[in-house]
């Protein structure tokens, strides 16, 4: 319903002196525009893109061959625990840091798996260390005793928000939906929380995000490194 008494003013960062926001702000905006123009238009220009609720608009399906996967050399694996209602989610990915591209190529996604049963399913897919939800130290210890190289993710007060933003800011997240149907479904359908009026707010719902969490855990060390670099740049 139109309101004739309402004044609508739209402005962007481009209309203010650069020194107000700092050079880094403008550099970040240019960097995101080059990587993901749709995300740039939404975050920096305030444009409504899509439903406005999608958290990840940088996700694409990619069919990955065994030959391509065999060439991946920066492998990260993550595990989000679950049992009765929530599934256990394990993911494998390659991260191309130079081009800021994530390639997700394998998963285990199942309810009611004991730690021993989960280990048997994950064992053939293991490549080095697995980073898991540190809130489950007992499960981590049981999997260690079974032979898995597994450690807990480092968690801080802003780890979820930082991790989600980091994933959003990647140039692409490629997922093979034939190999990882559940991971693909979670990423493309995940939306921001809504308030009582049905409006999207900048919060991440803790539902249908098991593979997403596993991805955050897997890339925990990369995110931590980027966080340290960002602090040095902004110091």
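For (1) modelled with pLDDT of 75 or more; (2) surrounded by 14 or more Cβ atoms within 10 Å (Cβ to Cβ); (3) on the phi < 0 side of the Ramachandran plot, each residue gets a yes or a no:
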site: 4; (1), (2), (3): no, no, yes
site: 8; (1), (2), (3): no, no, yes
site: 22; (1), (2), (3): no, no, no
site: 46; (1), (2), (3): no, no, no
site: 55; (1), (2), (3): yes, yes, yes
site: 84; (1), (2), (3): yes, no, yes
site: 89; (1), (2), (3): yes, yes, yes
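Matching residues to (1) modelled with pLDDT under 75; (2) under 21 Å from residue 215 (Cα atoms):
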{"position": "25", "(1), (2)": "yes, no"}
{"position": "35", "(1), (2)": "yes, yes"}
{"position": "41", "(1), (2)": "yes, no"}
{"position": "63", "(1), (2)": "no, yes"}
{"position": "68", "(1), (2)": "no, yes"}
{"position": "81", "(1), (2)": "no, yes"}
message = Checking residue 165 against (1) under 14 Å from the mean Cα position of the chain (by Cα); (2) in contact (Cβ under 8 Å) with a residue 12 or more places away in the chain; (3) not in a strand (DSSP E or B): exactly one of these is not met. Which one?
response = (2)
query = Among the numbered criteria (1) modelled with pLDDT under 95; (2) under 25 Å from residue 120 (Cβ atoms), which single criterion is violated by residue 152?
reply = (1)
key: Failed condition for residue 169, given (1) touching a helix residue (DSSP H, G or I) at 6+ places or on another chain (Cβ under 7 Å); (2) farther than 30 Å from residue 31 by Cβ   = (2)
inquiry  = Of all residues being outside any helix (DSSP H, G or I) and touching a strand residue (DSSP E or B) at 6+ places or on another chain (Cβ under 6 Å) in segment 130-147, which is surrounded by the most Cβ atoms within 10 Å (Cβ to Cβ)? Just the residue, please.
reply    = 132
ask   = Is one or more of the residues making up segment 177-187 more than 27 Å from residue 128 (Cα to Cα) and crowded, with 20+ Cβ neighbours inside 10 Å?
value = no
ask   = So is residue 122 in the same structural domain as residue 229 (by TED's automatic domain parsing) and out of contact with any helix residue (DSSP H, G or I) (no Cβ under 9 Å at 6 or more places or on another chain) or not?
value = no
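The values are calculated or read from the model by the stated rules, or taken from the named source; none is laboratory data. Predicted model, so just to flag it, every value in this text is computed and none were measured. Every residue, glycine as well, gets a Cβ built from its backbone with ideal geometry; the counts of neighbours run over all protein chains shown.
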